[in-house]
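The structure under discussion appears below in the form of structure tokens.
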Amino acid sequence: MPYMKRVVFVLLTICVLNSCNSNEPKPIKLNSDSCDNCKMTISNGKFGAELITEKGRHYKFDDIACMVKFAKSGTTVSTKAFYVNDYLQDNTLIDAKKAFYLKDGSINSPMRGNRAAFSTQQEAEQYKTKLNAAPSSWDEIFNSFQ
């Protein structure tokens, strides 16, 4: 029996260590999770964002602007991944570096970052006129906030 306990312990330890290094985002709990930058409750599933550090810590945000400002503030260790909510799929996180962006126009995000992310370029193009918004890129967004 002691052998089985050791095996179970080793397997559980491996599972825990693997989950800590996850590159996958954790779902944002709307109206429950708070923004790690501005401390407001995250309530809009179109604009949330998540940052994952190299050590596997997850930080959640109510706006892309909050995430970028937090990343540039020096309060975290090296960033492993950035995720943003898909504007068309409520509370669905997508890779920030692969997303297609629109900015300004009638986009009204919680902290006035006024950026919307889309999974495909086609979707962004379809909403560009509807939102009276201009195309943007991840690099431009990352460099536009201090």
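Looking only at the stretch 87-110, which residues are touching a Lys or Arg at 6+ places or on another chain (Cβ under 9 Å) and either of a type in the set (A, V, I, L, M, F, W, C) or over 19 Å from residue 44 (Cα atoms) (or both)?
Passing the criteria: 88, 93, 102, 107.
How about the stretch 36-65: which of its residues are in contact with a helix residue (DSSP H, G or I) (Cβ under 7 Å, 6 or more places away or on another chain) and farther than 17 Å from residue 90 by Cα?
36, 37, 38, 51, 56, 59
Scan the stretch 84-113 residue by residue and report those that are touching a residue at least 60 places away in the same chain (Cβ under 8 Å) and among the polar types (S, T, N, Q). Walk me through how you get there before you give the answer.
As a first pass, look at the stretch 84-113 and keep what is touching a residue at least 60 places away in the same chain (Cβ under 8 Å): 91, 93, 109-111, 113.
Listed by number, the residues that qualify are 91, 109.
Does residue 102 satisfy being surrounded by fewer than 18 Cβ atoms within 10 Å (Cβ to Cβ), at pLDDT 95 or above and within 18 Å of the chain's Cα centre (by Cα)? Spell out how you get there, then give the answer.
On the way: surrounded by fewer than 18 Cβ atoms within 10 Å (Cβ to Cβ): no; at pLDDT 95 or above: yes; within 18 Å of the chain's Cα centre (by Cα): yes.
In short, no.
Which pairs do you get when a residue that is touching a residue at least 12 places away in the same chain (Cβ under 8 Å) and aromatic (Phe, Trp, Tyr), found in the stretch 133-145, comes within reach of a residue that is surrounded by 13 or more Cβ atoms within 10 Å (Cβ to Cβ) and assigned to a strand (DSSP E or B), reach meaning Cβ atoms under 8 angstrom, with the pair 6+ apart or on two chains?
Close Cβ pairs satisfying both conditions: 138/82; 138/101.
Among the residues of the stretch 115-135, which ones are in contact with a Ser or Thr (Cβ under 8 Å, 6 or more places away or on another chain) and surrounded by 20 or more Cβ atoms within 10 Å (Cβ to Cβ)?
Of everything in the stretch 115-135, those that are in contact with a Ser or Thr (Cβ under 8 Å, 6 or more places away or on another chain) and surrounded by 20 or more Cβ atoms within 10 Å (Cβ to Cβ) turn out to be 115, 116, 133.
All but one of (1) surrounded by fewer than 22 Cβ atoms within 10 Å (Cβ to Cβ); (2) out of contact with any helix residue (DSSP H, G or I) (no Cβ under 8 Å at 6 or more places or on another chain); (3) farther than 19 Å from residue 23 by Cβ hold for residue 112; state the number of the condition that does not hold.
In the conditions (1) surrounded by fewer than 22 Cβ atoms within 10 Å (Cβ to Cβ); (2) out of contact with any helix residue (DSSP H, G or I) (no Cβ under 8 Å at 6 or more places or on another chain); (3) farther than 19 Å from residue 23 by Cβ, residue 112 misses (2) alone.
Of all the helices (runs of 4 or more DSSP H) wholly in the stretch 45-146, which have at least 3 residues that are among the hydrophobic types (A, V, I, L, M, F, W, C) and out of contact with any Asp or Glu (no Cβ under 7 Å at 6 or more places or on another chain)?
64-72, 138-144
The values are calculated or read from the model by the stated rules, or taken from the named source; none is laboratory data. In this text, all values refer to a predicted model and were calculated from it rather than measured experimentally. Neighbour counts are summed over all protein chains in view; Cβ atoms, including those assigned to glycine, are modelled from backbone coordinates with ideal geometry.
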